[in-house]
Amino acid sequence: MVSGIKVHVLKDPSVSQIEDITQMFSRAQEGQISVDMMTDSKRSIRDMWNRSGIRAAALEGKIWVVYNPDNDENEIISAVIAFGPGSTPMGSEAQRELGYYDYKNALSTETKNWQKDVYSVIGRKLINKTVGPLKPLNSWKPIMVGTEPEHQGKGYATALMRELQKTASQDRTAVFLSTFTEELVRDASSLSA
């Protein structure tokens with residue numbers, strides 16, 4: 001726990017909670033070029049992308065949240081979703097059926113081709129060259145982390161990532177972080193304590 005911030009595991013999230021986290025992530029990602037690249041710069045597709053990841057984590061991953069300490073305990077203001085050792089995001093048909101296909105079908109042909117022919121190929125090569133193909137599989141993989149814009153800079157995402165690190169430590173595994181931009185690399189690097 002960072003500075004008294006309470007982190008909670010969200011088990012069996014309701015449809016409403018999934019939607020609240022979806023919208024919170026989408027607001028937090030506003031203007032992030034990496035997210036725009038994955039979603040054709042369209043909010044509706046960004047929502048589909050986030051929703052499918054959250055649903056997949058609810059099924060075969062784990063979700064940690066921070067509730068707004070200033071009001072009703074039902075308002076989620078920060079969250080991280082991750083997949084543990086042996087599981088991968090969208091690695092099962094059951095996960096993909098929870099909105100991933102809708103997301104992929106909504107993308108432009110150009111973005112689909114870029115994801116398949118450039119992003120996936122370069123990402124795989126980079127992982128194989130730097131840590132090897134088994135490191136991600138044997139680690140905790142956070143795929144989304146975000147905080148409501150008006151609550152950013154208060155340590156909520158850091159507290160969530162510290163809780164994920166604690167879980168990995170208890171599992172005697174690691175947290176595998178990968179990201180797109182220099183700013184996000186700096187943020188991720190600050191968590192490597």
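The values are calculated or read from the model by the stated rules, or taken from the named source; none is laboratory data. From a predicted model like this one, the values you see are computed outputs, not experimental measurements. Virtual Cβ from ideal backbone geometry, glycine too; neighbours counted across all protein chains shown.
What number of residues within the stretch 91-125 satisfy the criterion of being closer than 19 Å to Ser34 by Cα, modelled with pLDDT of 95 or more and aliphatic (A, V, I, L, M)?
Residues that pass the stated criteria total 2.
Going residue by residue through the stretch 84-100, is there one that turns out to be outside any loop (DSSP other than H, G, I, E, B), among the β-branched types (Val, Ile, Thr) and either touching a residue at least 24 places away in the same chain (Cβ under 8 Å) or under 20 Å from Val15 (Cα atoms) (or both)?
no
Against the conditions (1) exposed (fewer than 15 other Cβ atoms within 10 Å of the Cβ); (2) touching a residue at least 40 places away in the same chain (Cβ under 8 Å); (3) touching a Phe, Trp or Tyr at 6+ places or on another chain (Cβ under 6 Å), where does Glu73 fall short? Just the number, please.
The one condition Glu73 does not meet is (2).
So Lys141 clears everything in (1) part of a helix (DSSP H, G or I); (2) within 18 Å of Trp49 (Cβ to Cβ) except one condition, right? Which one?
Condition not satisfied by Lys141: (1).
Does Ala56 satisfy the criteria of being outside any helix (DSSP H, G or I) and either of a type in the set (Gly, Ala, Ser) or more than 13 Å from the chain's Cα centre (by Cα) (or both)?
no
Before we move on, is Lys166 under 21 Å from Ala58 (Cα atoms) and out of contact with any Ser or Thr (no Cβ under 8 Å at 6 or more places or on another chain)?
So Lys166 fits the description; yes.
Identify, from the list Lys116, Lys125, the residue that is surrounded by fewer than 16 Cβ atoms within 10 Å (Cβ to Cβ) and over 19 Å from Met48 (Cα atoms).
None of the others qualify; the one that does is Lys125.
So the check is Cβ under 7 Å with 6+ separation or different chains; which pairs have a first residue in the stretch 111-135 that's in contact (Cβ under 8 Å) with a residue 12 or more places away in the chain and a second one that's part of a helix (DSSP H, G or I) and surrounded by 11 or more Cβ atoms within 10 Å (Cβ to Cβ)?
Between residues of the stretch 111-135 that are in contact (Cβ under 8 Å) with a residue 12 or more places away in the chain and residues that are part of a helix (DSSP H, G or I) and surrounded by 11 or more Cβ atoms within 10 Å (Cβ to Cβ), the close pairs are Ile127/Pro136.
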